[in-house]
Amino acid sequence: MSELTGNRIRTTAGKLGLPHLAETINEFTRRADEAKMGYLDFLDLVLSEELAVRDDRRFRQGLRLSRLPHHKTLDEYDFSFQPDLDPRKVKDLATLSFVEAKANAALLGPPGVGKTHIAVAACRAGYSVYFTSLDDMVRNLKAAEAAGRLASKLGTYLRPGVLVVDEVGYEILERGEANLVFQVISKRYEKGSIILTSNKTFSEWGQVFGDEVLATAILDRLLHHCDVIAINGPSYRLKNRLKAIERDTDVA
């Protein structure tokens, strides 16, 4: 390939929004020559790699926007630490069939039970994801309501394909705060998925939300289409922290 042709391809690729091709055209032609590729095989190679780079770029951008606390996958999850947890249930959730159906997933038990791993899988599959603790969501919605911007702020929690709500039950809510949560759950019903974690059983949610009737209304919409995994074991996140402490102690 002449230098003139290479430069023209780079310029054209840049204008078409194909940066990977523009950067690696020489590598592509070398591989094509070595493999004695036909025209269609060469075109297939270029387009496939450009698409893979674009998907990876979209995935990384999605992770940045998601506010997920970490970006670990299920391949990194140690199921042996949770003997009561059936790996098949979590892996079934990671297939994201519940997201496709705009259903929900509830993980009940200690913190660090795999919700973020599932959310990363959703992000990898191309779904928009947003992570928040329940406390942060309520605080942000209250501030927006006081400023007359509630409708706009609700969009933060309604737009993503998957909303991850962490730590339900760690703080007792006032009725007005519980009503804000109800608005989010109600407006997302059958329109977008929710992954939530709670250290409380559903029978205790009346206490969490300060109103049995309102808690029942929230649960009615949340659980109508919902996969529930209850875990009684210790915190996966705490397990990693304890290991680190043990290593530091051994070194000392």
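Any read-out appearing in this document is the output of simple, stated calculations on the displayed coordinates, not a laboratory observation. Since the model is a prediction, treat every value here as computed from it, not as a measurement. Glycine also receives a Cβ, built like all others from the backbone with ideal geometry; neighbour counts cover every protein chain displayed.
Within the stretch 141-181, which GluC sites (Glu not before Pro) sit in a loop by DSSP and count at most 16 neighbouring Cβ atoms inside 10 Å?
Glu171, Glu174
Loop-only trypsin sites (Lys or Arg not before Pro) in the stretch 127-220, please: DSSP not H, G, I, E or B, and at most 10 other Cβ atoms within 10 Å.
Of the trypsin sites (Lys or Arg not before Pro), the ones in loops of the stretch 127-220 whose Cβ has at most 10 other Cβ atoms within 10 Å are Lys191.
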